[in-house]
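Chemist: If you scroll down you'll find the structure; I have some questions about it.
Throughout, read-outs are computed from the coordinates displayed, never taken from laboratory work. Treat the numbers as computed from the prediction; the structure is a model and nothing was measured. Please note: Cβ atoms are built from the backbone with ideal geometry, for glycine as well, and neighbour counts cover all protein chains shown.
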Amino acid sequence: MTPIQKCVKEKDTKINPIWIMRQAGRYLPEFREIRVKNPDFIKLCLNENLSSEITLQPINRFDFDAAIIFSDILMLPYGLGQEVKFEKGLGPKLGELNINKLEKINKDKFSRKLDPVYKSIYKTSSSPILKNKDLIGFVGAPWTILVYMINKMSPKNSLSKKIFEDKLFIKKLIALIVKFLKIHVENQVKAGASVIQIFDSWAGLLEENIFEYIYEPTLDLVNHVKRLGVPVICFPRGINDYKSFCEEVKPDMVNIDYNIDPKKIINEIKIPVQGGLDPKVLLTNKENLNIEVIKYLQIFKDHPYVFNLGHGILPETKIEMVEELVKIVRDFK
Ligand code: 1CP
């Protein structure tokens, strides 16, 4: 059994597997080297050899317990035929959203468009360096994908709440997104992903309709992953109430964000937990890192816990701080 599977299925508290969100990314010089030669981000994700190589870069360097496939949550709208571009400094830019066109996309066409992602998973999963490690496949949660598809850019840049007024349209689009997320997840598991993580990066935007837009569609997707026989981790970033999220959606594991008090979580949540550490702590110094990391490890010492951050690692993070982080986690217990 792989480390995360052990944590989920056996509720093993003796080990704290470690991996970090965005572990294959711009803080790694070897990633930057490939990235400058490949300015088109989507094309890079669709290059199965490079995507596989990038996926393994952080494993080669830090011996993490899990790899996460180098891809993006926005490959879903791309697979549905909506244009997706990444502009330097601006983040993603999506093209026109035409629901009539989207409704004409069938399963085969979608899967063919994303086939390099599945080939990359297949190739990576058979790599000897991943023996006894997890290979995590992932998707964005229905709500977060909907936000990007409708807003056509990161809500960080600008967001008009007005775009969520047409409830009928939203319901229709969410149903379509869920249908294709299920196909995307299924293809990833068939290709060799041993765990699925669902990123709901913009769950915190929603103040009402949480049941309809977050809990219900995510539960539908979570049940689908469970039927495929692999553990499913949810990351509802920024949501106020992790307790009711876990009770309603019932993931196998929940990733907490860095604004959440881990002491509150340990009293409220029975399922295995992942993450929490503020990625900014990695920008401070080793003494402070030690204090903050030990805090999480102590709080979760009798709880199945996968060490991770409370959001993605920042590009300016120093390699030696990541090395120190792995050492602290491995030396504990
Ligand atoms: O070089 C670059 O500029 C590319 C940066 C980059 C990378 C390395 C993007 C653009 N995506 C990725 C890969 C990626 N994205 C991975 C796999 C690699 C790994 O984790 O090691 C994963 C799991 C994601 C997930 C992802 N993409 C999320 C969910 C997690 C989160 O950060 O909240 C989201 C929201 C995206 C969209 C996205 N992709 C990239 C950008 C700049 C954004 C927009 C973020 C925003 O709205 O601010």
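Chemist: Given the chain, what percent of its DSSP beta bridges are antiparallel, to the nearest 5?
Modeler: Around 20 percent of the beta bridges assigned by DSSP in the chain are antiparallel ones.
Chemist: With θ set to phi - 60°, apply the Karplus curve 6.51 cos²θ - 1.76 cosθ + 1.60 along the range 14-28 and write out the HN-Hα couplings as whole Hz, x wherever there is a Gly or Pro.
Modeler: 3J(HN,Hα) across the range 14-28, in whole Hz: 7, 10, 10, x, 9, 8, 10, 4, 6, 5, 9, x, 5, 6, 9.
Chemist: Which one of I260, P128, T284 is farthest out on the positive end of the charge dipole of the chain, using unit charges on Cβ (Lys, Arg +1; Asp, Glu -1) and the Cα centre as origin?
Modeler: Highest projection toward the positive end goes to P128.
Chemist: Which far-off residues, 5 or more places away or on another chain, put their amide H under 5 Å from the one on I68, with H placed in the peptide plane?
Modeler: Long-range HN contacts for I68: I136.
Chemist: For the range 166-315, what is the charge dipole size about the Cα centre, in debye to the nearest 20, if Lys and Arg each add +1 at the Cβ and Asp and Glu each add -1 at the Cβ?
Modeler: Details: 18 positive and 19 negative charges, 91 e Å.
The dipole of the range 166-315 has a size of about 440 debye.
Chemist: In addition: So, in Å, what gap is there between the alpha-carbon centers of the range 190-240 and the range 267-333?
Modeler: When both Cα centres are located, 23 Å separates them.
Chemist: Taking amide hydrogens as modeled 1.01 Å from N in the peptide plane, which residues meet the under 5 Å criterion relative to V306, leaving out close sequence neighbours?
Modeler: Long-range HN contacts for V306: V273, Q274, G275.
Chemist: Where nothing but the Cβ of Lys and Arg (+1) and of Asp and Glu (-1) is charged, how large is the charge dipole of the chain around its Cα centre, in debye to the nearest 20?
Modeler: Numbers: 50 positive and 42 negative charges, 139 e Å.
For this selection, approximately 660 debye.
Chemist: Right, another one. What shape does the range 26-82 have by the C-alpha gyration tensor, where a ≥ b ≥ c are the square roots of the eigenvalues, rounded means a/c under 1.5, and otherwise prolate means a/b greater than b/c and oblate the rest?
Modeler: Details: a/c = 2.56, a/b = 1.53, b/c = 1.67.
Note, shape of the range 26-82 comes out oblate.
Chemist: Report the one residue of Q298, N308, M321 whose Cα lies farthest in the direction of the positive end of the charge dipole of the range 289-333 (charges on C-beta: Lys and Arg +1, Asp and Glu -1; origin at the Cα centre).
Modeler: Q298
Chemist: If a helix is a whole DSSP H run, which ones in the chain reach 24 Å or further along their own axis (Cα) and hold a mean Kyte-Doolittle hydropathy of at least -0.5? If you can, show how the numbers build up before the last one.
Modeler: On the way: long enough: 167-191 (36 Å, 0.72).
Helices meeting the span and hydropathy rule in the chain are 167-191.
Chemist: Right, another one. To the nearest 500 deg cm²/dmol, what mean residue ellipticity at 222 nm is calculated for the chain from DSSP H runs of n ≥ 4 alone, each contributing -39,500 (n - 2.57), summed and divided by the residues? It would help to have the intermediate numbers written out before the result.
Modeler: Details: 15 runs with 153 residues, N = 333.
Helix-only estimate at 222 nm: -13500 deg cm²/dmol.
Chemist: Now, a different point. Calculate I(q)/I(0) for the chain by the Debye formula, one identical point scatterer on each C-alpha and no solvent, and give its log10 at q = 0.09 Å⁻¹ to two decimals.
Modeler: Computed log10 I(q)/I(0) values: -0.44.
Chemist: Name the long-range amide H neighbours of K301: under 5 Å, sequence gap of 5 or more, or other chain; modelled H, no Pro or chain starts.
Modeler: Hits under the 5 Å cutoff: none.
Chemist: Determine the dipole magnitude for the range 243-329: charges of +1 sit on the beta-carbon of Lys and Arg, -1 on that of Asp and Glu, nothing else is charged, the reference point is the Cα centre, and the result goes in debye to the nearest 20. Before the final figure, lay out each step's value.
Modeler: Working: 11 positive and 14 negative charges, 38 e Å.
That gives a dipole near 180 debye.
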